[in-house]
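Here's the structure we're looking at; comments come further down.
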Amino acid sequence: MSERRSLRGARILLCVTGSIAAYKAVSLLRALTRDGAEVSVVMTPSATRFVTPLTFETLSGRPVRHGLFDGAETMPHLRATDEADLVLVAPATANCLAKCALGVADDLVSTLLLAARCPIVMTPAMDGDMWEHPALVSHVRAMRERGVVVLEPEDGPLASGLIGKGRFPAEPTVMEAVAACLDRRRDWAGQRVLVSAGPTREPIDAVRFVTNASSGKMGYAVADAAARRGADVVLVSGPTALAPPTGVTTVDVLTADEMAREMEARFAWATVLVMTAAVGDFRPRRPSSVKIKKHDWDGAPLALERTPDILASLSRKRTHQILVGFAAESDNLLDNGRKKLRQKDLDFIVINRVTGADSALGGDTSDAIFLPRHGQAMPVERLPKRLLADRLLDTVRDQCLTHPSAPALESNREIRRIH
């Protein structure tokens with residue numbers, strides 16, 4: 001097993017649910033604190049029937065929460081998750097897994113899991129054939145698609161005397177999963193990421209405009225993932241219906257000219273540019289400042305002109321930045337993506353299909369082809385955009401930020417923060 005880094009300073013919320021394996025959480029707590037983590041414990045009422053809260057209080061040196069209405073604390077589920085770098089559910093019963101998948105919040109543990117924005121690791125433990133029941137298989141799949149790390153239970157003797165898959169995962173396996181999640185959470189620390197997202201709108205008159213079907217979901221997912229993983233993030237967004245990601249500086253724009261101006265103003269600050277925005281390629285040449293009445297239109301075609309190519313312009317001005325582009329293609333995906341990668345002198349490009357039932361525009365999921373400047377094309381299966389964003393950051397980190405041509409942050413300290 002590879003050497004695991006210290007967990008010193010990591011704030012972990014250990015959630016214990018009602019399984020006979022609850023006693024193993026005691027040893028796990030000792031291992032986490034021995035590695036330097038600061039651990040707070042939350043228990044379900046049924047978990048307290050297997051191990052007393054006093055045991056965890058003694059070993060953690062902290063009060064144990066086990067009810068939504070304990071003491072005078074207001075909204076303990078929010079306070080607990082706000083203070084945590086990671087939530088570890090150990091053991092996670094079939095009931096807990098189902099409630100997490102379905103969004104049920106009827107006790108403190110299930111409520112805080114619904115409120116958590118930090119990484120979640122779940123260590124299943126259950127009896128008999130429960131792990132392979134179709135309902136539970138569906139619940140686990142749903143959670144993994146949402147980014148929850150659900151470990152595989154182990155085969156062996158179970159509490160009922162049966163032999164099967166359901167044993168609490170080995171402690172080193174759990175510790176490795178915790179360390180991996182925390183490492184990933186911090187792996188973009190020190191990077192300054194400038195993200196564009198959404199469509200642009202180009203006015204025809206005072207009420208009508210030319211736009212496209214981009215929802216902005218991919219760019220918002222990238223900005224959110226980069227911030228969660230430690231980056232300083234600025235998101236320049238066209239008009240969307242999405243809430244700004246937490247911890248991200250968001251700049252709202254409408255037109256391609258506005259987006260170009262805001263991106264250029266922040267480009268020198270950035271170490272990585274991720275251009276997901278579907279910037280309109282054309283705009284009306286002579287927009288009207290007032291609403292055009294139907295009877296005033298003479299039937300002439302709408303005269304269009306090209307909008308600025310923001311990514312190409314920024315590429316010509318780069319000094320130290322890693323440039324990641326997106327190519328929305330309807331055919332010849334790989335050939336067209338390679339052409340855009342070369343023409344705009346990018347380090348990495350994500351190629352999406354934007355036609356048919358598999359279109360990436362507007363949906364919550366997307367498949368893609370990742371194409372780095374150095375390396376082979378990498379097809380990526382259809383994923384929720386939140387997971388695709390993390391996959392993208394993983395690949396850019398490995399293919400670009402660790403490449404010899406990547407910018408050295410230490411040499412760029414003089415770049416002033418301008419957003």
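The values are calculated or read from the model by the stated rules, or taken from the named source; none is laboratory data. Bear in mind that the values here come from a model prediction, so they are computed numbers and not experimental data. All Cβ positions, glycine included, derive from the backbone under ideal geometry; neighbour counts span all protein chains shown.
Taking region 66-93 as the range and being of a type outside the set (Val, Ile, Thr), modelled with pLDDT of 90 or more and either out of contact with any Phe, Trp or Tyr (no Cβ under 9 Å at 6 or more places or on another chain) or surrounded by fewer than 14 Cβ atoms within 10 Å (Cβ to Cβ) (or both) as the test, the residues that pass are LEU86, LEU88, ALA92.
Pairing each residue of region 137-154 that is modelled with pLDDT of 90 or more with any residue that is surrounded by 14 or more Cβ atoms within 10 Å (Cβ to Cβ) and hydroxyl-bearing (Ser, Thr, Tyr), provided the two are 6+ apart or on different chains, yields C-beta distances under 7 Å for LEU151/THR123; LEU151/THR173. The number of residues in region 126-167 that are among the hydrophobic types (A, V, I, L, M, F, W, C), assigned to a loop (DSSP other than H, G, I, E, B) and touching an Asp or Glu at 6+ places or on another chain (Cβ under 8 Å) comes to 3. Scanning region 106-135 for residues that are of a type outside the set (Val, Ile, Thr) and under 24 Å from the mean Cα position of the chain (by Cα) yields SER110, LEU112, LEU113, LEU114, ALA115, ALA116, ARG117, CYS118, PRO119, MET122, PRO124. Residues of region 277-296 that are surrounded by 11 or more Cβ atoms within 10 Å (Cβ to Cβ), basic (Lys, Arg) and more than 30 Å from ILE351 (Cα to Cα): LYS291 alone. Among the residues of region 302-327, the one identified as part of a loop (DSSP other than H, G, I, E, B), touching a Lys or Arg at 6+ places or on another chain (Cβ under 7 Å) and exposed (fewer than 14 other Cβ atoms within 10 Å of the Cβ) is ALA303. Within region 108-125, the set of residues being part of a loop (DSSP other than H, G, I, E, B) and either at pLDDT below 90 or among the aromatic types (Phe, Trp, Tyr) (or both) comprises ALA116, ARG117, CYS118, PRO119. Give region 168-191 a look and list any residue that's without any contact (Cβ under 8 Å) to a residue 60 or more places away in the chain, more than 22 Å from the chain's Cα centre (by Cα) and not in a helix (DSSP H, G or I), or say none. Once the filter is applied, which keeps residues that are without any contact (Cβ under 8 Å) to a residue 60 or more places away in the chain, more than 22 Å from the chain's Cα centre (by Cα) and not in a helix (DSSP H, G or I), region 168-191 yields PRO169, ALA170.
Among the residues of region 54-69, those identified as of a type outside the set (Phe, Trp, Tyr) and part of a loop (DSSP other than H, G, I, E, B) are GLY61, ARG62, PRO63, VAL64, HIS66, GLY67, LEU68.
Of all the numbered requirements in (1) within 28 Å of PRO203 (Cα to Cα); (2) modelled with pLDDT of 90 or more; (3) within 25 Å of the chain's Cα centre (by Cα), LYS340 misses one, and that requirement is (3).
For region 260-315, a residue qualifies if it is at pLDDT 95 or above and of a type in the set (Lys, Arg), and the qualifying residues are ARG261, ARG266.
Summed over region 202-221, residues that are outside any helix (DSSP H, G or I) and farther than 17 Å from ALA256 by Cβ total 4. Confirm whether GLY299 is small (Gly, Ala, Ser) and either buried (at least 16 other Cβ atoms within 10 Å of the Cβ) or not assigned by TED's automatic domain parsing to the domain that holds GLY198 (or both). Taking the combined requirement at face value, the residue does not satisfy it.
GLY363 meets all of the listed conditions (1) in contact (Cβ under 8 Å) with a residue 40 or more places away in the chain; (2) in a helix (DSSP H, G or I) but one, namely (2).
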